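Read the structure below first, then the notes.
The values are calculated or read from the model by the stated rules, or taken from the named source; none is laboratory data. Owing to the predicted nature of the structure, the values given are computational and were not obtained by experimental measurement. All Cβ positions, glycine included, derive from the backbone under ideal geometry; neighbour counts span all protein chains shown. What goes into the accessible areas is simple: the full protein's heavy atoms, side chains included, and nothing from ligands, DNA or RNA. Shrake-Rupley method; radii C 1.70, N 1.55, O 1.52, S 1.80 Å.
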Amino acid sequence: MARVEQVFSRAVNLLIPEQQQLLTLLSEDCDNAPNSCRLALTHCEDLFHPGEWVSFSESGIAVGNDKWIETSGCLRWRIPRWTPDTVSLAAVYWQRWEGVIRQQLTSDDTLFLYQGDNPFYQEITRQLLNRRQRLLTALHTGENISTAVSYLIGLGIGLTPSSDDYLVGLSTILFIPGHPLRKYREDFLAALQCAGNNTTLLSKITLQEAFHQRFRESVGRLVKHIITEQHPVSTQYIIDIKNIGSSSGCDMLYGMADACALSYRSGGNYVDQDSC
């Protein structure tokens with residue numbers, strides 16, 4: 001029997017134990033995402049409660065003794081697909097996109113840039129940066145990638161630790177069809193298979209989806225904006241991602257910026273190799 005696992009202001013996670021899967025109910029002002037269902041609600045915390053039983057049928061979802069979510073008339077959201085070729089990807093001005101994304105991030109946004117005096121956060125930041133550098137080195141050399149990814153998984157705090165959100169952002173760029181570093185996707189999947197139990201179930205599922213190029217709508221908009229080289233550059237797409245969670249979106253953007261730097265070193269418009 002499924003149950004309500006966590007309740008937040010704008011989201012509710014439903015746990016399906018026998019499948020070890022989560023379905024997220026989202027408020028109407030959230031963007032679409034894999035494994036989710038948007039509801040005509042502004043807030044969720046006063047309506048749903050942890051531990052309530054959940055059952056699914058062809059026509060809807062029953063929650064507790066007093067809630068019914070009709071799904072038979074819902075529209076299905078499909079994740080956009082792009083199939084850019086290697087030549088068009090190489091023409092993307094990755095250096096510019098790296099700079100645009102990094103300009104939107106400050107030390108207050110992500111633990112990767114933390115500069116405060118809290119010793120706990122200082123240590124997490126040190127570990128994050130050390131393990132990030134280990135992964136970047138592995139991607140540059142093509143060696144020990146799976147091990148480097150494994151060391152990152154689960155590092156941080158919250159339902160989706162900072163390192164996992166970083167890997168989500170990194171993979172959204174690196175695993176675009178036609179990208180020269182997409183060849184390492186199996187190494188990332190092998191790392192998740194090995195180290196997935198080191199993180200939360202929600203984060204493990206999110207990583208699995210991201211490694212298969214299934215990510216939330218706001219992330220997809222920015223990826224499309226980057227690979228189609230639309231002008232002018234829209235920072236609003238970046239801000240939309242920044243607003244995901246307390247810091248999750250910023251950690252994703254930090255990973256996307258690193259992916260842009262890696263992209264121009266591995267077949268895109270080349271620049272200084274010390275920037276990543």
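Where a ≥ b ≥ c are the square roots of the eigenvalues of the C-alpha gyration tensor, would you call the stretch 126-217 rounded, which needs a/c under 1.5, or, failing that, prolate if a/b is larger than b/c, or oblate?
Verdict is oblate for the stretch 126-217.
I need the shape label for the stretch 1-125. Rule: rounded when a/c is under 1.5, else prolate if a/b > b/c, else oblate, with a, b, c from the alpha carbon gyration tensor.
Taking the square roots of the gyration eigenvalues as a ≥ b ≥ c, the stretch 1-125 is oblate.
How many Å³ per residue does the convex hull of the Cα positions in the stretch 190-239 occupy?
Each residue corresponds to 91 Å³ of Cα convex hull volume.
Where does each of 63-72, 162-171 land if you order them by average Cβ count within 10 Å, highest first?
With the highest mean Cβ count within 10 Å placed first, the list reads 162-171, 63-72.
Given the whole protein assembly as supplied and a 1.4 Å probe, what does the accessible area of Thr106 come to in Å², nearest 10?
70 Å²
222 nm [θ] for the chain, helices only, -39500 (n - 2.57) per DSSP H run of 4+, per residue, to 500?
Only helices count here, giving -13000 deg cm²/dmol.
Given a Förster distance of 51 Å, report the FRET efficiency between Arg76 and Glu123 from their Cβ-Cβ distance, rounded to the nearest 0.05.
My answer for the efficiency is 0.70.
Compute the helix-to-body angle for 248-265: its Cα long axis versus the longest principal axis of the chain, expressed 0 to 90° and rounded to tens.
Its long axis makes an angle of about 30 degrees.
Between helix 162-174 and the chain, what is the angle of the helix's C-alpha long axis to the longest principal axis, kept within 0 to 90° and rounded to the nearest 10?
70 degrees
From a point 7 Å beyond the Cα of Ile157 in the direction of its Cβ, which residues of the stretch 242-262 have a backbone N at a distance under 14 Å?
Only 246-248 pass the distance filter.
In nm, to one decimal, how far is the modelled label at Arg3 from the one at Thr83, with both set 7 Å along Cα→Cβ?
The answer from the label model is 4.5 nm.
Computed FRET efficiency, Cβ-Cβ of Asn197 and His140, R0 22 Å: what is it to the nearest 0.05?
0.15
Tell me the net charge near Asp109. Cut-off is 12 Å between Cβ atoms, Asp109 excluded, with +1 for each Lys or Arg and -1 for each Asp or Glu.
-1
Non-local amide H neighbours of Gly60 (under 5 Å, H modeled in plane, Pro and chain starts lacking H): which ones?
Amide H neighbours of Gly60, under 5 Å, 5+ apart: Thr71.
Identify all lysines with a Cα-Cα distance to Lys224 below 23 Å; exclude those on the same chain that are fewer than 8 residues away in sequence.
Lys224 reaches Lys183, Lys242.
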